[in-house]
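Here the structure is laid out as structure tokens; the discussion comes afterwards.
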Amino acid sequence: MKSNSELTSLIENFPVSASLKEADTGKYVVNNAYFSRQFGVENPMDLVGITVRDLTFRQQEWGTQYATMIEKLDFHAREKKSHVLGRHQFLDDSGEAQLGEMVKFPVLGSRENILAIVTYWNDITPTLPPNSLYRLYRSFYDAKSAIKRVLVCLEVDQYFVTPPTDAQFRVFLLKAERFANKEIGKFLGMSDRTVECHLATLRNKAVDGNLSPVLSLVKWNTPCASDSIHC
């Protein structure tokens, strides 16, 4: 096992969000900047000595559920004395939604006792197809707010004179994923004619009445509005 100084340096310089917490109290001992910035805190040292329950969340009800989930994963890591994996949604301090893969593993003492829990968290949001990205944002926002944020995330908000409705936007996103109209209709449970009507309305809402260039600009596997990641 690495020495305390080596482990501290590893966490502080890890290229994704990372933290170390006491196994018995759950209090954070070491965090890196990726972790602290998710909560609007610039200095990671400001989070030392507090637990996940003490963190400030943008949506408090969701934050309580998130803290409970973190505590359960910590418990499983202690009980198994082995690493545990998790995938969950997260809403950062700026209001950006993320989907991340978490790895937790215990730090064992000389007597195989659990001293601490190390966590790494990798943001996989950039890999999501547009329709999945929209569903992620809908977990936190109403349709109007989610549409606005996803349009900005996909960098096509400036190409719409008027924002699409929820139904229109879902058609737009699936069209951007190169699905045929019949496939879109089947996926969304609507007729081919309804899909065509939504596309016609989308053309009227697009700048210059041309939807094709906007669809071609929608890409994924690239960072969205925020490239920070959380543990």
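No lab work stands behind these numbers, since they all come straight from the coordinates. Just so you know, these numbers come straight off a predicted model, no measurement behind them. Please note: Cβ atoms are built from the backbone with ideal geometry, for glycine as well, and neighbour counts cover all protein chains shown.
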Report task. Calculate the radius of gyration of the Cα atoms of the chain to one decimal place, then report Dmax, the largest Cα-Cα distance, as a whole number, both in Å. Result -> 21.3, 70
Query raised in the report: Over the range 50-127, one equal point on each Cα, no solvent: what is log10 I(q)/I(0) by the Debye formula at q = 0.11, 0.15, 0.16, 0.23 Å⁻¹?
Result: -0.32, -0.57, -0.64, -1.11
Query raised in the report: Relative contact order of the chain: what whole-number percent is it, with Cα pairs under 8 angstrom and at least 6 residues apart?
Result: 19 percent
Query - the chain: most fluctuating residue of Val84, Val150, Val118 per GNM, C-alpha cutoff 10 Å - result: Val84
Report task. Enumerate the amide H contacts of Val107 below 5 Å, restricted to partners 5 or more residues apart or on another chain; note that Pro and chain-start residues carry no placed amide H. Result -> Leu115, Ala116, Ile117, Val118
Query raised in the report: How big is the range 130-217 by the Kirkwood estimate over distinct Cα pairs, in Å?
Result: 12.9 Å
**Report entry** Contact order normalised by residue count of the range 130-217, Cα under 8 Å, 6+ apart, percent
**Finding:** 29 percent
Query raised in the report: Can you list the residues, at least 5 places off or on another chain, whose amide H is less than 5 Å from the amide H of His88, using H built in the peptide plane?
Result: Gly100, Met102
Query raised in the report: What order do you get for Arg37, Arg87 when you list them from fewest to most C-beta neighbours inside 10 Å?
Result: Arg87, Arg37
Requested in this report: Please report the relative contact order for the range 55-184, taking Cα pairs under 8 Å with a sequence separation of at least 6, and give it as a percent rounded to a whole number.
Outcome: 16 percent
Query raised in the report: What is the Cα centroid distance between the range 67-140 and the range 13-65, reported in whole angstrom?
Result: 12 Å
Report summary line: With x for Gly and Pro, the residue-by-residue ³J(HN,Hα) of the range 80-95, computed from phi through the Karplus equation 6.51 cos²θ - 1.76 cosθ + 1.60 at θ = phi - 60° and given in whole Hz, is 7, 6, 8, 5, 10, 10, x, 10, 8, 8, 8, 10, 7, 5, 8, x
Requested in this report: Just rank Phe14, Phe90, fewest to most, by other beta-carbon atoms within 10 angstrom.
Outcome: Phe14, Phe90
**Report entry** Pairs beyond 24 Å (Cα-Cα), from Lys27/Lys81; Lys148/Lys205; Lys21/Lys72; Lys72/Lys219; Lys104/Lys219
**Finding:** Lys72/Lys219; Lys104/Lys219
Report task. Would you mind telling me which residue in Ala18, Ala67, Ala97 has the biggest mean-square fluctuation in a Gaussian network model of the chain, where springs connect alpha carbons within a distance under 10 angstrom? Result -> Ala67
Report summary line: Expected max-MSF residue from Arg53, Arg170, Arg178 in the GNM of the chain (alpha carbon, under 10 Å) is Arg178
